1. Give, as a single signed number, the net charge of other residues whose beta carbon lies under 15 Å from the beta carbon of residue 229, with Lys and Arg counted +1 and Asp and Glu -1.
2. In square nanometres, what is the average projected area of the Cα convex hull of region 2-245?
3. Would you calculate the separation in nanometres between label points at residue 86 and residue 216, each defined as 7 Å from the Cα along the Cα-to-beta-carbon direction?
4. Counting other beta carbons within 10 Å of each Cβ, put 52, 189 in order, fewest first.
5. Go ahead and estimate [θ] at 222 nm for the chain from helices alone: -39,500 (n - 2.57) per DSSP H run with n ≥ 4, summed, over the residue count, rounded to 500.
6. Within the P(r) computed for region 137-198, what percentage of the Cα pairs occupies the region above 13 Å?
7. How high is the relative contact order of region 75-200, given as a whole-number percent (alpha carbon pairs under 8 Å, six or more residues apart)?
8. Nearest 10 degrees, 0 to 90: what angle lies between the long axis of helix 95-118 and the longest principal axis of the chain (Cα atoms)?
Amino acid sequence: MIVPALSLARREVVRFFRQRGRVIGALVTPVLFWLIMGSGIGSSFVGGGGDYLRYAFPGTTTMILLFTCIFSSISIIEDRNEGFLQSVLASPAPRASIVLGKVVGGALLGWLQAFPFLLLAPTVGIPLTVSGLAIAAVVLAASAVFLAAVGFFFAWRSSSVAGFHAIMNIVLMPMWLVSGALFPLAGAYSWMAWAMRLNPLTWGLSAVRTALTPSDPGPFPLPLSLAVVTGCAILAVLACALTIRSEK
């Protein structure tokens, strides 16, 4: 199972980076959003040390993960339309290897795009430390697996790229919007605060924020945040495995 999964993961990475439009879109769109929003709100923001660029920096990292995983999940629909997916399903390789390969490939792509962005943290006054980067790298990896698995789950059930994008706009984008990327949990209305607490991305973003800025940590303890994100990632992968097993 490992060898077919690694082959699929390698194929995902090579295929994605050959499509420059997707690479640019997954990276540039979140960065532009961050620069425009951060520069527009500027120092009028009351949280995050009074600088919105600084506050929104961890959320932008999560957004890069999100966009990359969405774009990489499109390959599932393309593979089905091109007949490649059917040939893999008919092969002796375990079906779980498809889930593992696609999710690992998508998660690796997201991590490779998001982690280098962290190196820009000093430009907004966030000092980098080896321990902080190491913790953030682990959290981003767990978050990437979760997002890649969620993308796989919905892409597997989508018959077209347009339908998949519609689902992502309904599911994943709202998850990011209420993750604490744009506004802190403290001060939100009670129903919104509960929605944020139930959102796996909130926990991942809280862990990244704590790792990068210990003096201005996220709303949840770091060990608990990492445990929640890892647990959600495992559950999402298991859901994908159960979904693909039911495929005729």
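What follows is calculated from the coordinates using simple rules that are stated; it is not laboratory data. The structure displayed is predicted, hence computed values, not measured ones. For neighbour counting, all protein chains shown are included, and Cβ atoms are generated from backbone atoms with ideal geometry for every residue, glycine included.
1. Values: positive: 197, 209; negative: none.
Here the charged neighbours net out to +2.
2. Details: hull surface 52.0 nm².
It is 13.0 nm².
3. 5.5
4. Ascending number of Cβ neighbours within 10 Å: 189, 52.
5. Working: 11 runs with 189 residues, N = 248.
Calculated from helices alone, the mean residue ellipticity at 222 nm is -25500 deg cm²/dmol.
6. Details: 1296 of 1891 pairs.
Roughly 69 percent, rounded to a whole number.
7. Details: 62 pairs, mean separation 33.0, N = 126.
With pairs under 8 Å counted, the relative contact order is 26 percent.
8. Approximately 30 degrees, to the nearest ten.
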